[in-house]
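This report refers to the structure that appears directly beneath it.
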Amino acid sequence: MKRSYRARNKTIPLLTTVSPVAIWLILLVAAPLLYVLFLSFLSTDGYNVVFLFTLDNYKNLFNPTYLEIYANSFLIAFFTTAICILVGYPFAYHMARAGKRKKTVMMVMLMVPFWTNSLIRLNGWKTLLGKTGFVNTFLQNLGIIREPVEILYTRGAVLLGMVYILIPYMILPLFASIDKLDHSFLEASNDLGANKVKTFLHVTLPLTFAGIFSGSIMIFIPSLGYFFVSDIMGGGKSQLIGNLIETQFKAGNNWPFGASLSMMLIFLILIMVTVYKKSGGDMEDLGVM
Amino acid sequence: MEERKAIVEIKNVNKIFGENHVVHDLDLTIYKGEFLTMLGPSGCGKTTILRMIGGFEEPTGGQILVEGERVEDKEPFERNVNTVFQSYALFPHMNIWNNVAYGLKMKKVKKEEISRQVAEMLQLVRLNGFEKRYPSQLSGGQKQRVAIARALINRPKVLLLDEPLGALDLKLRKEMQLELKNLQKKLGITFVYVTHDQEEALTMSDRIAVMNQGYLDQLDTPERVYEKPATKFVADFIGESNIFEATISHMTGDTASIGLEVGNALCLLEKGVSYSLSEMVYACVRPEKVLFSAGEAEGFNIKGVVKEQIYVGNIIKSNIIIANGQMVILSRLDIDEVPKVGEAVNIYWNPDDVVLMKSRGYQIHHVIENASLGGD
Ligand SMILES: Nc1ncnc2c1ncn2[C@@H]1O[C@H](COP(=O)(O)OP(=O)(O)O)[C@@H](O)[C@H]1O
Ligand SMILES: [Mg+2]
């Protein structure tokens with residue numbers, strides 16, 4: 001079915017169907033990307049971009065001063081992804097197995113915050129977690145703590161912010177892959193001697209791996225780049241790759257280096273997708289193709 | 001046949017989904033080693049019954065016993081029963097070897113023993129050499145056989161099969177019917193087989209349970225189900241039937257004269273069943289049992305005109321319209337004598353070729369059920 005559909009698509013005259021999409025892709029995806037790629041090979045005189053070809057920006061990526069930022073950034077990204085999987089999977093599973101009405105309610109719960117500006121939502125957390133915020137006051141009133149504790153402006157707070165902002169991107173692909181899972185696979189497994197836990201490990205998990213992977217890509221990469229989360233929740237104390245890039249384009253005035261940092265992230269995505277494909281993953285299951 | 005041992009006993013089982021009463025007061029005993037088919041149109045509750053035996057659905061009321069033990073509270077794998085699913089449900093991320101080995105792996109059987117048994121099973125379903133393939137690389141018939149091997153490797157006492165041949169084309173289906181039947185005979189395992197295909201049921205089964213909207217209308221051998229349908233529904237559903245509404249007008253000995261809308265006819269009364277005068281009945285005559293003549297036969301006066309003839313292989317079917325507009329089908333081999341199209345004929349039959357069915361009775365509880373549902 002799929003194959004014949006594709007084959008037929010190719011025979012439709014190129015101009016009538018492909019061109020609007022193609023124009024859209026060129027304008028919104030290819031052009032900016034090529035511009036960043038181009039930029040990453042240029043030099044700077046300290047203030048302005050100079051049209052002089054160089055590979056220095058890429059060499060600069062390996063400058064030891066940035067290693068700590070990378071490490072910190074990857075650590076946050078790794079834990080963000082891991083927590084999103086651990087929290088998102090049960091939620092998505094529950095949602096996929098729920099009745100129609102409950103499904104809708106859960107979907108709305110998930111999407112409504114999504115439509116609100118994330119800066120506003122993060123600042124909401126700030127008022128909750130600050131020294132005089134709700135959590136500290138509450139704990140003090142209960143007598144559990146005497147002095148307010150530092151919750152905000154820690155790595156933990158950054159992590160919380162990341163998970164909070166990004167978790168829908170994990171739940172949606174997970175939901176899609178769990179929802180698609182034919183219930184008779186689970187029944188067959190149960191019939192053949194596997195209890196619920198074994199069925200989950202041997203059947204459910206492998207068959208929803210595409211959802212986990214797709215969600216992970218959509219979370220891991222942005223959580224390297226979401227500098228505003230680190231700014232708001234971490235008070236700028238913990239630098240992420242995103243902060244580094246932001247600095248290059250703003251205060252640092254080094255667009256070419258910022259561009260090479262961006263290319264590094266894009267390259268990372270390509271590696272991740274390639275690994276997925278090599279390990280037998282189906283691109284269609286990722287929901288991106 | 002006398003010393004039959006019950007392996008599955010379904011006792012007064014009901015199943016209700018919300019407001020949908022799907023299985024009604026089902027009593028059914030399945031015997032060791034038999035090939036029992038549940039036959040009925042789509043939606044009559046066959047799958048639901050199978051799922052209750054398999055452990056995927058809980059009865060709303062009643063008991064299910066396997067080998068004399070109640071199983072309602074047991075997990076599917078705690079029953080000595082395995083299922084071949086309608087869609088096969090082969091694990092797409094495992095190759096054939098791993099699919100077939102799954103049950104033994106879950107039971108922590110030793111590796112060498114698993115290898116030995118998987119090889120044996122694949123041999124049994126003639127799929128050796130396919131170990132490394134994935135389900136998506138197999139044809140429908142091959143998937144079917146893997147599903148059977150995957151279930152049989154657990155040595156179930158009962159194998160449940162839900163329309164296992166439904167997705168195959170006609171030719172392959174015929175082949176697989178034979179293969180399945182042979183497999184069942186060879187292994188001596190009880191098969192509970194679900195299908196909506198009456199021909200399949202008639203060729204494969206030792207006994208057929210004909211289901212009608214959640215009721216068991218008849219449980220009998222294929223011959224009996226065909227020759228002596230218990231209800232109008234069974235007569236209609238299995239094979240072709242001419243069914244006449246009639247009332248009993250005379251009874252002499254074991255023969256009755258019945259009045260149809262369009263004339264009179266004779267039929268034999270079934271032994272052990274009591275009938276009363278003026279009782280409403282259905283008279284059912286198979287197309288090959290319908291006789292015709294130019295003049296009236298003794299005790300009959302049903303007149304009709306041959307409207308058209310249809311050739312089906314070497315069989316000629318004549319459609320005869322009788323006075324009330326009902327179509328009567330008469331079928332003959334093409335070497336036999338047949339009436340001509342447009343010819344006026346008298347229809348009759350041998351009185352013992354008719355099956356008389358009480359017109360109320362079985363049907364009545366459908367009516368009561370519907371009425372009480374409507375009243376709520
Ligand atoms: N899980 C379920 N929830 C609600 N209704 C169901 C469920 N399973 C089956 N039914 C209903 O029960 C009836 C019988 O279904 P089924 O047993 O699948 O019939 P068959 O296998 O004979 O086609 C149908 O009306 C169907 O809609
Ligand atoms: Mg069914």
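A few remarks follow.
- Heavy-atom accessible area for B:Phe233, with the other protein chains in place and a 1.4 Å probe, reaches approximately 40 Å².
- Magnitude of the charge dipole, chain A, Cβ model with Lys/Arg +1 and Asp/Glu -1, debye to 20: 820
- Mean partner shielding of peptide A:177-188, defined as the number of other chain Cβ atoms within 10 Å of each residue Cβ, is 4.
- Shielding by partners for peptide B:67-79, expressed as the average number of C-beta atoms from other protein chains within 10 Å of each residue's C-beta, is 2.
- Remark: relative contact order (chain A) = 27 percent; criterion is Cα-Cα distance under 8 angstrom and separation of 6 or more residues.
- Two-site label geometry, B:Asp27 and B:Lys107: point separation in nm, points 7 Å out along Cα→Cβ: 3.5
- Reachable lysines from B:Lys74, criterion Cα separation under 16 angstrom, eight or more residues apart if same chain: A:Lys196, B:Lys157
- Each Cα pair under 8 Å and six or more residues apart adds its separation to the average, and for region B:1-67 the resulting relative contact order is 43 percent.
- For region B:198-228, the residues whose amide N sits under 20 Å from a probe point set 7 Å from the Cα of B:Lys174 along the beta carbon direction are B:198-205.
- In this structure the amide hydrogen of B:Leu127, modeled in the peptide plane, comes within under 5 Å of no amide hydrogen from residues 5 or more places off or on another chain.
- Links that overshoot a 23 Å alpha carbon limit, given the list B:Lys228/B:Lys289; B:Lys271/B:Lys303; A:Lys277/B:Lys132: B:Lys271/B:Lys303
- Annotation: for a label point projected 7 angstrom from Cα along Cα→Cβ of B:Arg126, residues of region B:164-202 with backbone N closer than 13 Å are B:172-183.
- Listed peptides B:288-300, A:154-166 appear in the order A:154-166, B:288-300 once ranked by packing, highest mean of other Cβ atoms within 10 Å at the front.
- Inter-site label distance for A:Val87 and A:Thr137 at 7 Å from Cα along Cβ, in nm: 2.3
- The peptide list B:338-345, B:324-331, put in order of mean Cβ contacts within 10 Å with the highest first, becomes B:324-331, B:338-345.
- Rounded FRET efficiency, nearest 0.05, which uses the C-beta distance separating B:Lys303 from B:Ile335 and R0 of 22 Å: 0.25
- Neighbouring partner chain Cβ atoms per residue of B:54-60, average, 10 Å criterion: 2
- Fully extended contour minus Cα-Cα distance, from A:Ile144 to A:Tyr66, at 0.36 nm per residue: 24.1 nm
- Reach of B:Lys105 by Cα under 19 Å, taken over aspartates and glutamates that are not fewer than 8 positions away in the same chain: A:Glu187, A:Asp191, B:Glu75, B:Glu78, B:Glu113, B:Glu120, B:Glu131
- For a label point 7 Å along the Cα-to-beta-carbon line of B:Ile310, residues of region B:216-241 with backbone N under 14 Å: B:239-241
- Spin-label model, A:Asp45/A:Ile266: points 7 Å from Cα along the beta carbon direction are separated by 2.7 nm.
- Contact order normalised by residue count of chain B, Cα under 8 Å, 6+ apart, percent: 14
- For the protein assembly as shown, the fraction of 1.4 Å probe accessible surface lying on carbon and sulfur atoms is 60 percent.
- The amide H of B:Asn242, built 1.01 Å from its N in the peptide plane, has B:Val285, B:Arg286 as neighbours under 5 Å, considering only residues 5 or more places off or on other chains.
- Ordered from highest to lowest accessible area with the whole protein assembly present and a 1.4 Å probe, A:Arg97, A:Arg146, B:Arg173, B:Arg70 read as A:Arg146, B:Arg70, A:Arg97, B:Arg173.
- Reducing region A:230-261 and region A:131-173 to their Cα centroids gives an inter-centroid distance of 24 Å.
- Treating r as the C-beta distance of A:Thr127 and A:Lys103 and R0 as 30 Å, the FRET efficiency rounds to 0.40.
- Accessible-area order (highest first, 1.4 angstrom probe) of the listed residues A:Tyr226, A:Tyr47: A:Tyr47, A:Tyr226
- Bridges between two residues of chain B, per DSSP, are antiparallel at a rate of about 80%.
- MRE, 222 nm, helices only [DSSP H, n ≥ 4, -39500 (n - 2.57), over chain A, to nearest 500]: -22500 deg cm²/dmol
- Rounded to 0.05, the FRET efficiency of the B:Ser274 and B:Thr221 pair, given R0 = 22 Å and the Cβ-Cβ distance, is 0.35.
- For the listed peptides A:230-237, B:190-197, a ranking on the average number of other beta carbons within 10 Å per residue, highest first, reads B:190-197, A:230-237.
- Residues whose placed amide H lies under 5 Å from that of B:Gly33, excluding near-sequence neighbours: B:Thr190
The values are calculated or read from the model by the stated rules, or taken from the named source; none is laboratory data. The model shown is predicted, which means the values in this text are computed figures rather than measured ones. A quick note on method: Cβ atoms are made from the backbone with ideal geometry, for glycine too, and the neighbour counts reach across all protein chains shown. Just so you know, the surface numbers come from the protein's heavy atoms only, side chains and all, with ligands and any DNA or RNA stripped out. Shrake-Rupley method; radii C 1.70, N 1.55, O 1.52, S 1.80 Å.
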